[in-house]
Structure formats: structure tokens, C-alpha cells
Amino acid sequence: MTSYLFGYGSILWRQDFVPIRTMIGTLRGYSRVINQASTDHRGTVHRPGAVASLRTSPQRFVVGKLFEIAPSDQDRVFEKLDVREQNGYSLIPISVEVGEAIFEAVTYIALPDNPWDLGEPSIDQLVQTILLAAGPSGSNMDYILQLYRECQIMSSGDEPWKALVAALAHSPRFVRRAAALKIELPSPH
């Protein structure tokens with residue numbers, strides 16, 4: 001039986017597997033948030049980064065990518081993802097809309113109160129974390145910039161964490177990194 005995986009964070013640009021197909025999908029009843037500490041990818045134990053998770057939010061939705069995984073690849077793909085997403089994430093069953101169709105899928109969510117849950121950090125706290133943290137998968141700034149770019153491509157402009165990108169755009173370092181990655185930041189208000 002074919003499996004479907006919903007991606008909303010780094011898996012949007014770094015799958016580490018070849019899906020049968022990729023579709024833009026909508027997950028209703030959730031909001032994308034930047035509230036999970038990363039000590040294994042975008043930070044270290046001594047200076048954790050901040051990455052995305054999902055929180056239940058009845059009136060909101062998250063646009064992401066739905067990856068169809070071949071039955072012959074499922075064990076290998078999910079074994080690798082279980083290691084990649086070990087820093088507080090759990091595999092959760094969900095339903096994803098693609099047009100009029102509903103797909104039963106799974107996604108990795110860092111549930112509240114896991115050991116790396118940041119709670120509800122202020123934008124100022126997140127800005128300081130993101131500007132300083134880096135880990136084996138790269139800088140926390142690059143993570144936020146790539147996530148921002150992917151959301152722009154998917155036309156997911158209603159994300160509540162976009163205020164974070166606007167706050168980070170006050171940092172000349174962040175602006176220079178965005179320019180180096182050819183990512184256009186929102187106009188300052």
C-alpha cells in the first residue's frame with residue numbers, strides 16, 4: 001500500500017528520498033509555528049536553533065507538500081526519517097486536502113511538552129536564537145530563509161510566523177544571507 005507523507009518544514013526542500021509524486025496539499029486545523037529547539041540539525045546542545053512544528057488551531061490551515069512514497073521504499077524512507085526527526089517529533093496520522101481529494105497521510109509533529117519544546121517564545125527571543133544558532137545541517141538563518149522561500153512558492157502567505165521574518169529583516173546579517181541565497185524578503189512596513 002502506498003504511503004503519503006506531509007511535509008511543512010525542512011522536508012519541503014530536502015527530502016533525502018525520491019517520491020513517486022509530489023503535490024501541494026492543505027492540512028486544516030493546524031498552524032505552522034517556530035517553537036521547537038533543534039540541537040541536532042540547526043543548532044547544538046549548547047546553542048539550540050529554532051525550527052518548525054505544528055500546533056492545533058481549529059480556524060487555521062497549513063499548506064505543504066504531500067509526498068507519495070512507493071511501497072518498496074517505505075521502510076527505508078521512514079527509518080531514515082525517524083532518525084532525522086528524533087529531536088522531539090512523533091509520527092502522526094493526518095488527512096490532507098489536494099484539490100477536492102482527501103489523502104490519508106502521516107507527518108512528524110513535535111507535540112507540546114516534548115523535551116525540546118520552546119513553548120511560546122517571543123519574536124525577540126526567536127530572532128536572537130536564529131541569528132546565532134548553527135548546526136550540522138547549516139545555520140538557523142538558512143533554515144528560516146528556505147522555509148520562507150518554500151512558503152512563498154506554495155503561495156502560503158497567511159502564515160503567522162511571517163512576522164518573525166519581518167523582524168529578522170532588521171538584521172543586516174540576515175538581509176545579506178537572504179541576498180546570497182537570492183531570497184526576496186518582504187518589504188519593510
| task | Sort Ile102, Ile24 so the one with the fewest other Cβ atoms within 10 Å of its own Cβ comes first. | result | Ile102, Ile24
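Using only DSSP helix segments of four residues or longer, with each worth -39500 (n - 2.57), what per-residue ellipticity at 222 nm results for the chain after dividing by its residue count and rounding to 500? Kindly include the intermediate steps, with their values, before the conclusion.
Working: 5 runs with 51 residues, N = 189.
So the helix-based figure for the chain works out to -8000 deg cm²/dmol.
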| task | Would you mind checking the tilt of helix 123-132 against the longest principal axis of the Cα atoms of the chain, expressed as 0 to 90 degrees and rounded to 10? | result | 90
| request: Any chance you could give the angle, 0 to 90 degrees and rounded to 10, that helix 74-84 forms with the longest Cα principal axis of the chain? | output: 20
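So, with +1 on the Cβ of K and R and -1 on the Cβ of D and E, and no other charges, what is the size of the charge dipole of the range 3-180 about its Cα centre, to the nearest 20 debye? Walk me through the intermediate numbers first.
Details: 17 positive and 19 negative charges, 138 e Å.
Here the range 3-180 has a charge dipole of around 660 debye.
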| remark: Expected max-MSF residue from Lys162, Lys80, Lys65 in the GNM of the chain (alpha carbon, under 10 Å) is Lys80
| remark: Averaged over all viewing directions, the convex hull of the alpha carbons in the chain casts a projected area in nm² of 10.8
| query | Residues of the range 128-148 with amide nitrogen under 19 Å from the 7 Å Cα-to-Cβ point of Lys80? | reply | 136-138
| Contact order relative to length of the range 17-64, as percent, for alpha carbon pairs under 8 angstrom and 6 or more apart | 47
| query | Between rounded, prolate and oblate, where does the range 85-189 land on the alpha carbon gyration tensor, with a ≥ b ≥ c its root eigenvalues, rounded for a/c under 1.5, else prolate if a/b exceeds b/c? | reply | oblate
| field | Among Thr129, Thr56, Thr26: highest mean-square fluctuation, GNM of the chain, C-alpha pairs under 10 Å | value | Thr56
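Read-outs throughout are calculated quantities, based only on the coordinates presented, and are distinct from any laboratory measurement. Not measured: the values here are computed from a predicted model. Cβ coordinates were reconstructed from backbone atoms using ideal geometry, including for glycine residues, and neighbour counts include every protein chain displayed.
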